[in-house]
Amino acid sequence: MRLLIIEDEPGIARFLKDGLEEEYFAVDLAHDGRTGLDMAVTNEYDLLIIDWMIPALSGIEVCRQVRKGGSTVPILFLTAKDTLEDVVFGLDAGANDYIKKPFEFEELLARIRVQLRTANRVEESLSVGNLTINPVTHQVFCATTELTLTPKEFALLEYLIRNKDRVCTRSRIIEHVWDIHFDSDTSVIDVYITFLRRKLESVGCGNIIQTIRGVGYIVRES
């Protein structure tokens, strides 16, 4: 899952990015509304977290512009405002939910998961062949055998399975799983694919990931 955080306070932005990356999300940061809006309409995100009071363009205006463009991406507001009128104003601008500052990280995480589930982006399980993964508990099973993966291996496998039967190019993988731009060195993907295949082969699911030479990888039933 790839998230965009638009937050002008560096400490809060870094806290959110570090915490969400520990929860297996890829996270982009923007520190003003104009930059955040450009990123939101240019890139594909699963959820936006927008602070209400940000420079260049307010969070409310960013939200309105995103919705004006037809996007249905879930939007979660961070706000220090606490009146009913402010909350209604934010929701009417197109936000799906809000959380008041200061907040507990666990509450934010719970609200994010609710929005992703509501948007049908988080299923209880994903499967291909004998392989099943649970995006919520981060468990992986080949038939009945549980497999232990690193966070990055899990994120890579989840991305491939979510795009089952579609070729995943290296540039798309690097953007969604490693959260860096397509012009960066993508050889790291091949290294992680090798790690992942070895672990899958050890439990009998080694034929899941197939190479499309010169392009990328695809997950198929056989």
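Quick look at the values:
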| read-out | value |
| --- | --- |
| Trypsin sites (Lys or Arg not before Pro) within the range 40-105, DSSP loop, no more than 15 other Cβ atoms inside 10 Å | Lys81 |
| Three-way shape label, the chain, alpha-carbon gyration tensor, a/c 1.5 | prolate |
| Local electrostatic count, Asp32, Cβ distance below 11 Å [Lys/Arg +1, Asp/Glu -1] | -3 |
| Å² per residue, accessible surface of the chain at 1.4 Å | 49 Å² |
| Fraction of accessible area attributable to carbon and sulfur, the chain (%, probe 1.4 Å) | 49 percent |
| Per the chain, cysteines lacking a partner by the 4.7 Å Cβ criterion | Cys63, Cys168 |
| Rounded, prolate or oblate (a/c below 1.5 giving rounded, otherwise prolate when a/b exceeds b/c) for the range 26-128 by Cα gyration tensor | oblate |
| Choice from Leu196, Leu76, Leu147 with maximal GNM fluctuation in the chain (Cα, 10 Å cutoff) | Leu147 |
| Alpha-carbon Rg with Dmax, taken over the range 123-177, Å | 11.2, 33 |
| Considering only the range 1-159, percent of DSSP beta bridges that pair antiparallel, nearest 5 | 35 percent |
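The values are calculated or read from the model by the stated rules, or taken from the named source; none is laboratory data. Source: prediction; values computed, not measured. A quick note on method: Cβ atoms are made from the backbone with ideal geometry, for glycine too, and the neighbour counts reach across all protein chains shown. Each accessible area value is taken on the protein alone, full model and side chains, heavy atoms only, with ligands, DNA and RNA left out. Shrake-Rupley method; radii C 1.70, N 1.55, O 1.52, S 1.80 Å.
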